[in-house]
Amino acid sequence: MLNFCGFGRVDKNVPVARIRDCPFTINFMSAETIQPVVLQTDFPDLEVWASGKVRDIYRVDNERLLFVATDRISAFDYVLATGIPEKGKVLTQLSIFWFDFLKNVVENHMITAEVKQYPPALQHYSAELRGRSMLVTRAEMVPIECVVRGYISGSAWKEYQQSGSVCGIKLPSGLRESDKLPEPIFTPATKAASGHDENISFADMIKRAGREESERLRDLSIRIYTQAANYAAERGIIIADTKFEFGHTAKGLVLADEVLTPDSSRFWPADRYTPGKAQESFDKQYVRDYLEKVRWNKQPPAPALPEEIARKTSEKYVEAYRRLTGAELKP
Ligand code: Q0Z
């Protein structure tokens, strides 16, 4: 059983917040149901395949896995004590949107997200799984994080200031933090023992994955990013950078894991874009501002968030989903 949790480890002994429809009479005409925030999943008859800060993967059978996105949120490397309503649904449904949007460019690992089409053994979890899960084909994963950057930020900005290069790619001099790059660059990384990703050069990637595969992954990653970032820009969201994961299945090379979500990418609100400094985060800015305000020392345990911060953050995730897809989040 793999565990990718690192710092954000969720204690499996903590009681589970099961999702159960929670009826509240809103008015005389209708009884609406409120879905509780999901901090943990627990499917006792399924084997955990991998667990991350935000998502849990279960083994369904030899060929298939079940991805479940919780409402957990991480900031400054730790999972916070408070969940963000709807966040797991946004991550799942945004990935589904992008898989469809990108199907002309690349195959993907998704089988279905319709719970009714899941195997019979999963049907008694349908309430927990609806809207936030995906049945996928198990893949032989490529052990490289395929990162594409259209703007200079984060670890790339640090590397550039020290060396003028990022992952061995020489960049023009005089770039400011958050500047748009002349063209998107491919900056692969590996999962280091520390749990943090370590940037590697393309030459290093070739040593690990071979030339043909590396060139294919690089060209595909750049095409995917370019198509998605151009689309998002028309909708007021800058995708500054993003991380893709690929795997091999019977279909050949497929796009796997989550794609182009706020958790795997930097989303910036285009109308506030101001190069020369770090940018506001589309989704996590209220959370970061709050954690700075209370002067959390960034050591565990991570604090809880006030209800208003969680609610406003939830609204940002849902807004990103709406802007990018033009549709409402499904329940
Ligand atoms: C993805 C990860 C997560 C922790 C394994 N189709 C696939 N087949 C086999 N393995 C994976 C996939 Cl996507 C796979 N990860 C990354 C995701 C929680 C780690 F939700 N690990």
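From the alpha carbon centroid of region 120-150 to that of region 166-194 is 28 Å. A DSSP coil position with no more than 15 other Cβ atoms inside 10 Å describes the following chymotrypsin sites (Phe, Trp or Tyr not before Pro) in region 235-301: Tyr273. Fully extending the segment from Ser126 to Lys251, taken as 0.36 nm per residue of separation minus the present Cα-Cα distance, adds 42.2 nm. In the distance distribution for region 44-125, Cα-Cα pairs more than 18 Å apart total 53 percent. With r defined as the distance between the Cβ atoms of Glu215 and Gln161 and R0 fixed at 41 Å, what FRET efficiency is calculated, to the nearest 0.05? About 0.90, to the nearest 0.05. The helix-only estimate of mean residue ellipticity at 222 nm for the chain, built from DSSP H runs of length n ≥ 4 each weighted as -39500 (n - 2.57), is -8500 deg cm²/dmol after division by the residue total.
Its relative contact order, with pairs defined as Cα atoms under 8 Å and 6+ residues apart, puts the chain at 18 percent. Averaging the Cα positions of each part gives two centres, and for region 197-238 and region 254-274 these lie 14 Å apart. When +1 charges are put on Lys and Arg Cβ atoms and -1 charges on Asp and Glu Cβ atoms, the dipole computed for region 77-124 relative to its Cα centre reaches about 120 debye.
Relative contact order of region 141-294, taken over Cα pairs closer than 8 Å and 6 or more residues apart, is 26 percent. Against the main long axis of the alpha-carbon atoms of the chain, helix 307-325 sits at an angle near 70°.
Using only alpha carbons, region 110-177 has a radius of gyration to Kirkwood radius ratio (Rg to Rh) of 1.32.
Pairs from the table (Lys87/Lys158; Lys89/Lys312; Lys116/Lys312; Lys53/Lys312) lying more than 27 angstrom apart at Cα are Lys87/Lys158; Lys116/Lys312. Each peptide among 303-312, 128-137 gets the average number of other Cβ atoms lying within 10 Å of its residues, and from highest to lowest they stand as 128-137, 303-312.
Considering only the Cα atoms of region 141-294, their convex hull presents on average a projected area of 10.3 nm². Restricting the calculation to Cα atoms, every distinct pair contributes to the Kirkwood radius of the chain, found to be 20.9 Å. Name the trypsin sites (Lys or Arg not before Pro) in region 194-228 that are in a loop by DSSP and that have at most 15 other C-beta atoms within 10 Å, would you? Sparse-neighbourhood loop trypsin sites (Lys or Arg not before Pro): none present. A Stokes-Einstein calculation at 10 °C with viscosity 1.306 mPa s, built on the Kirkwood radius of region 149-238 over Cα pairs, returns a diffusion coefficient of 112 µm²/s.
We did not get these values from a lab; they are worked out from the coordinates using the rules stated. Note that this is a predicted model, so its numbers are computed, not measured. Please note: Cβ atoms are built from the backbone with ideal geometry, for glycine as well, and neighbour counts cover all protein chains shown.
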